[in-house]
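Some notes on the structure that comes next.
The values are calculated or read from the model by the stated rules, or taken from the named source; none is laboratory data. Given the structure is predicted, the values throughout are model-derived calculations rather than measurements. Please note: Cβ atoms are built from the backbone with ideal geometry, for glycine as well, and neighbour counts cover all protein chains shown. Remember, those area values only see protein heavy atoms, side chains included, never the ligands or the DNA or RNA. Shrake-Rupley method; radii C 1.70, N 1.55, O 1.52, S 1.80 Å.
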Amino acid sequence: MTTYNGEKYLREQIDSILSQTIQDFELVVCDDCSSDSTLNILRDYSKTDARIKIFQNKENLGFKKNFERAMSLCKGDYIAFSDQDDIWMPNHLEVLLNAIGDKMMACGNCLLIDGDGVNRGITYWQEELFNGIPKGNLELAYSIVFFRNPFQGASMMINVKYINYILPIPQNLSYHDSWVSILACFCGGLSYVDVVITKYRMHGGNVTKVRLKPKSRWKEFLRSAKNPCFYDREAMLDGIENRLSLSSKDEKELNRIKSLVKRGKTFWGRIGVIPFKLKYYKTIYY
């Protein structure tokens with residue numbers, strides 16, 4: 001868990017973590033120079049539960065670097081990511097641990113709630129129009145690159161043996177969830193379980209913003225033909241190329257995706273990508 005001025009919701013989140021059906025874990029918390037009572041709350045909990053390990057940064061690192069530090073300090077075989085303001089369902093860890101198998105990553109679904117904890121009537125799965133898992137990791141990589149990542153970071157678990165591939169997070173990326181997801185497509189694979197394991201709190205202070213109604217596949221298709229697209233995907237693909245020893249098949253597909261992403265930087269390039277998107281529409285907008 002990473003924290004920064006999270007006093008408002010922190011106790012509720014920690015209570016939900018300590019109430020898991022699986023109790024054999026450590027809670028590693030990196031605080032990024034909070035100026036409110038966050039540290040006092042953490043210290044109060046750590047006095048009564050030795051599993052809670054608190055680390056205070058000497059200077060403000062920002063969200064990404066603080067998250068990297070927290071990951072590097074974990075000592076278990078698996079790492080589950082936690083925000084400071086969500087609520088874990090009691091079986092959060094159990095579901096992920098049962099799902100991960102020999103994969104690099106496992107992810108569950110989450111229910112969107114507001115600042116008062118009221119159900120907003122939609123899951124992240126529904127909001128992302130995620131109707132199922134593509135049959136292969138490469139097909140899933142297409143979907144993440146050309147549509148949107150359906151995997152929510154605070155509902156993820158990774159196998160720690162892959163941490164050297166994950167860290168450091170590529171410099172041009174702001175968030176970890178898309179990076180970990182697409183990396184897993186080329187490194188160990190991933191498992192997804194359509195079970196709500198997190199109540200994902202949406203409020204004015206969130207780092208990540210989420211819509212409250214599903215996005216249209218066709219509108220997204222048309223938007224990407226007109227406006228700049230792919231955002232930070234090129235940095236992710238470069239990171240995969242630089243860190244992994246790929247099979248000839250995976251290397252060929254990675255180069256294909258990279259070529260399409262680079263073409264998408266210009267208007268006419270995006271127009272040129274349309275035939276590819278039409279051909280693989282069901283795969284990309286799964």
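Quick one, could you list the DSSP H helices from the chain stretching 30 Å or more along their long axis (Cα atoms) with average Kyte-Doolittle hydropathy of -0.5 or above?
none
Could you tell me which of rounded, prolate or oblate describes region 38-83, using a ≥ b ≥ c as the square roots of the eigenvalues of the alpha-carbon gyration tensor, with rounded for a/c under 1.5 and, failing that, prolate when a/b is larger than b/c and oblate otherwise?
Oblate.
Need one number: nm distance between label points at ASP44 and ASP232, each 7 Å from Cα along Cα→Cβ, rounded to one decimal.
3.4
Please report, as a whole percent, how much of the solvent-accessible surface of region 1-129 comes from carbon and sulfur atoms (probe radius 1.4 Å).
Carbon and sulfur together cover 47 percent of it.
Full extension from TRP218 to LEU167: what is 0.36 nm times the residue separation minus their Cα-Cα distance, to one decimal in nm?
Full-extension gain reported as 14.9 nm.
If you take the beta carbon distance between LEU73 and LEU246 as r and set R0 to 25 Å, what does 1/(1 + (r/R0)^6) give as a FRET efficiency, to the nearest 0.05? Please report the intermediate quantities before stating the final value.
On the way: r = 30 Å, r/R0 = 1.19.
After rounding to 0.05, the efficiency reads 0.25.
Which residue, ALA50, ILE17, ASN66, has the largest displacement toward the positive end of the dipole of the chain when charges sit on each Cβ (Lys, Arg +1; Asp, Glu -1)?
Of the options given, the answer is ASN66.
Would you pull out the residues with amide H under 5 Å of ILE52's amide H, same chain only if 5 or more places away, H placed 1.01 Å from N?
For ILE52, the qualifying residues are LEU27.
Dipole size in debye (nearest 20) for the chain around its Cα centre, Lys and Arg Cβ +1, Asp and Glu Cβ -1?
1560
For the ranges 151-160, 263-272, 185-194, what's the packing order if you count other beta-carbon atoms within 10 Å of each residue, average per peptide, and put the highest first?
Listed from highest to lowest mean packing, they are 151-160, 185-194, 263-272.
Counting heavy atoms of the protein chains only and a 1.4 Å probe, report the per residue accessible area for the chain as a whole number of Å².
With all protein chains present, the chain gives 47 Å² per residue.
If r is the Cβ-Cβ distance from ARG11 to TYR175 and R0 is 22 Å, what FRET efficiency results, to the nearest 0.05?
Between ARG11 and TYR175 the formula returns 0.30.
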